[in-house]
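Take a look at the structure below.
The values are calculated or read from the model by the stated rules, or taken from the named source; none is laboratory data. Because the structure is a prediction, the values reported are computed rather than measured. FYI the Cβ positions are ideal-geometry reconstructions off the backbone, even for glycines, and counts take in every protein chain you see.
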Amino acid sequence: MCATEPKKPARQFDLIAFDWDGTLFDSTAIIVRCIQLAVVDVGGKEPSAQDAAYVIGLGLMQALAHAAPDIAPHRYRELGQRYQYHYTRHQNDICLFDGVVPLLAELKQRQHWLAVATGKSRLGLDEALTLAQLHGMFDSSRTADQTASKPDPCMLHELMQEFDVEPHRVLMVGDTTHDLQMARNAGCASVGVGYGAHDVAAFASFEPRFVAHSVAELHAWLLDNA
């Protein structure tokens with residue numbers, strides 16, 4: 001009798017959307033420090049690392065306003081400019097987490113649609129994709145200045161409409177509660193990653209399918225379950 005190949009699991013998700021910072025890109029520590037420096041530059045009280053990390057994934061102005069409650073709204077533009085100044089000085093120091101490229105390549109080979117749903121601006125994401133040499137890897141993307149910021153589900157709704165995919169066929173992967181709440185708001189499944197900005201203890205209420213503590217764990221789970 002001829003040996004038969006093991007049966008491959010049925011594909012559960014057609015579209016997999018990834019957050020960028022803290023999920024694919026190892027940028028959390030630098031973003032936290034740039035937020036702290038920007039707030040101090042305009043005369044605010046330096047936020048704690050925990051408070052600065054909490055706002056990662058939100059749109060820039062929303063994030064900075066939350067991180068600097070003592071700064072008057074008319075100075076938010078200046079605050080944003082100072083953040084961009086500090087981030088630009090360090091953006092070339094940031095790289096993808098080890099294992100991200102083979103993970104994405106294998107998902108692509110399995111014919112999943114891949115997308116990015118991020119709190120970055122369109123310009124910021126395009127620059128990051130160029131730096132990471134990943135422009136051809138993703139089928140689409142949404143940024144906070146193109147649509148509503150997380151946890152509003154608009155990013156995922158637009159991606160679902162673009163690919164004509166039902167919510168139950170979409171998986172959101174992210175490192176923050178903003179990502180997981182966005183997925184819940186959109187009626188999609190989610191996976192959390194525990195190596196980014198937010199404490200995994202906060203993930204439970206959003207009922208992610210899995211919490212990966214490394215890219216290797218994420219890779220293995222997606223191959224077996226996505």
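Points worth noting:
- Long-range neighbours under 7 Å by Cβ, at least six apart or interchain, first residue within 13 Å of residue 37 (Cβ to Cβ) and outside the structural domain of residue 51 (by TED's automatic domain parsing) within the range 61-86, second among the small types (Gly, Ala, Ser) and surrounded by fewer than 17 Cβ atoms within 10 Å (Cβ to Cβ): none
- Residue ID - modelled with the lowest pLDDT, chosen from residues in the range 190-203 that are surrounded by fewer than 22 Cβ atoms within 10 Å (Cβ to Cβ) and more than 9 Å from residue 23 (Cβ to Cβ): 199
- Failed item in (1) outside any loop (DSSP other than H, G, I, E, B); (2) in contact (Cβ under 8 Å) with a residue 12 or more places away in the chain, with residue 197 passing the rest: (1)
- Of all residues in the range 5-21 being modelled with pLDDT of 90 or more and not acidic (Asp, Glu), the one that is surrounded by the most Cβ atoms within 10 Å (Cβ to Cβ): 17
- The range 138-163: number of residues that are at pLDDT 95 or above, crowded, with 20+ Cβ neighbours inside 10 Å and either among the hydrophobic types (A, V, I, L, M, F, W, C) or more than 26 Å from residue 208 (Cα to Cα) (or both): 4
- Candidates 128, 132 - the one that is surrounded by 16 or more Cβ atoms within 10 Å (Cβ to Cβ), in contact (Cβ under 8 Å) with a residue 60 or more places away in the chain, farther than 24 Å from residue 221 by Cβ and of a type in the set (A, V, I, L, M, F, W, C): 128
- Residue that is touching an Asp or Glu at 6+ places or on another chain (Cβ under 9 Å) and at pLDDT 95 or above, where the choices are 66, 135, 112: 112
- Of the residues making up the range 164-182, at least one is crowded, with 17+ Cβ neighbours inside 10 Å, among the acidic types (Asp, Glu), within 15 Å of the chain's Cα centre (by Cα) and under 25 Å from residue 26 (Cα atoms).
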